[in-house]
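The structure appears right after this line, and notes come after that.
The values are calculated or read from the model by the stated rules, or taken from the named source; none is laboratory data. This is a predicted model, so every value here is computed, not measured. No Cβ is skipped: glycine too gets one built from the backbone with ideal geometry, and neighbour counts run over all protein chains shown.
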Amino acid sequence: MLKKEAREITGGLSKPSKMPGPAHNLPAWRCITGVKLQAVKGSVCAGCYAMKGRYRFRNVKEALERRQAALKDPRWVDAMVTLITGEPWFRWHDSGDIQSPEHLKNIFEVCNRTPDTNHWMPTREVKFLTLMDPAVIPTNLIIRISSHMIDQGPVKHWPWTSTVSTKPEARTCPAPDQGNECGSCRACWNRDTANICYGKH
């Protein structure tokens, strides 16, 4: 499959400026859990960045909706593999989240077919992981369960997590100290790093 066709099928990838590689995003307003948390004061999602700024532009909204609709295309896995192959680092969902068990299964298939790519996926959709043994996750993918509330500790039932804190001394993500970029840091992709703590912004 040519990359042009793959982009047409999937809606293409996003290129977050702070990341070392491309990403795949979906509409934040389609998040199953996150959209409920947007109305909860003190939640991480209450100030969702993917509901503000450029995400409100018509062309961006349309592109996100195309990616959402593309999840049901039977060619989606093949197309994503075409786009990701050769990328050393990849992030799932710089906006949006897992939509269904079938969606997660397809992501696993993409990861298995791109073994030279390091994949990272934060999520709040715990229900899709509750009965899952972390050992079944492709070894080149790390799924981090994100705590819902600001200054809340990491969940206890999953080996890889992320949190958000208002306390500067708690933050472990170095991005704010280096131009809001990952730079050489790859902790989010590292299974030896149990929790990543981001500063509230």
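Values for this structure:
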read-out: Qualifying positions in the stretch 11-36 - over 12 Å from the mean Cα position of the chain (by Cα) and either free of Cβ contacts under 8 Å to residues at least 24 places away in the same chain or closer than 12 Å to Ile84 by Cα (or both); value: Gly12, Leu13, Lys15, Gly21, Trp29, Val35, Lys36
read-out: Odd one out for Cys48, checked against (1) under 26 Å from Lys3 (Cβ atoms); (2) of a type in the set (A, V, I, L, M, F, W, C); (3) modelled with pLDDT under 95; (4) surrounded by fewer than 20 Cβ atoms within 10 Å (Cβ to Cβ); value: (1)
read-out: Matching residues, the stretch 99-136, being aliphatic (A, V, I, L, M) and not in a loop (DSSP other than H, G, I, E, B); value: Leu104, Ile107, Val110, Met121, Val126, Ala135, Val136
read-out: Options Asn25, Asn59; residue that is over 24 Å from Ser147 (Cα atoms) and not aliphatic (A, V, I, L, M); value: Asn59
read-out: Residue satisfying condition, being modelled with pLDDT under 95, surrounded by fewer than 15 Cβ atoms within 10 Å (Cβ to Cβ) and of a type in the set (Asp, Glu), within set Asp133, Asp94; value: Asp133
read-out: Subset of the stretch 140-170 (residues that are free of Cβ contacts under 8 Å to residues at least 40 places away in the same chain, assigned to a loop (DSSP other than H, G, I, E, B) and out of contact with any helix residue (DSSP H, G or I) (no Cβ under 9 Å at 6 or more places or on another chain)); value: Gly153, Lys156, Thr166, Lys167
read-out: Failed item in (1) surrounded by 17 or more Cβ atoms within 10 Å (Cβ to Cβ); (2) over 14 Å from Arg124 (Cβ atoms), with Gly53 passing the rest; value: (1)
read-out: Only one of Ala23, Ala70, Ala39 that is modelled with pLDDT of 95 or more, more than 20 Å from Asp116 (Cα to Cα) and hydrophobic (A, V, I, L, M, F, W, C); value: Ala70
read-out: Condition met for Val77 (outside any loop (DSSP other than H, G, I, E, B), in contact with a helix residue (DSSP H, G or I) (Cβ under 9 Å, 6 or more places away or on another chain) and of a type outside the set (Gly, Ala, Ser)); value: yes
read-out: The stretch 43-56 residues that are more than 19 Å from Gly199 (Cα to Cα), paired with ones that are buried (at least 20 other Cβ atoms within 10 Å of the Cβ) and polar (S, T, N, Q) (beta carbon under 8 Å, 6 or more apart); value: Tyr55/Ser95
read-out: Pairs with Cβ under 7 Å, 6+ apart, first in the stretch 62-86 and within 19 Å of Asp97 (Cβ to Cβ), second buried (at least 17 other Cβ atoms within 10 Å of the Cβ) and of a type in the set (Gly, Ala, Ser); value: Ala63/Gly11; Arg66/Gly11; Arg67/Gly11; Ala70/Gly11; Trp76/Ala70
read-out: Residues satisfying the stated conditions in the stretch 1-50, i.e. touching a strand residue (DSSP E or B) at 6+ places or on another chain (Cβ under 7 Å) and outside any helix (DSSP H, G or I); value: Leu13, Ser14, Pro16, Met19, Pro20, Gly21, Pro22, Ala23, His24, Asn25, Gly42, Ser43
read-out: Conditions (1) closer than 17 Å to His103 by Cβ; (2) modelled with pLDDT under 90; number of the one not met by Thr10; value: (2)
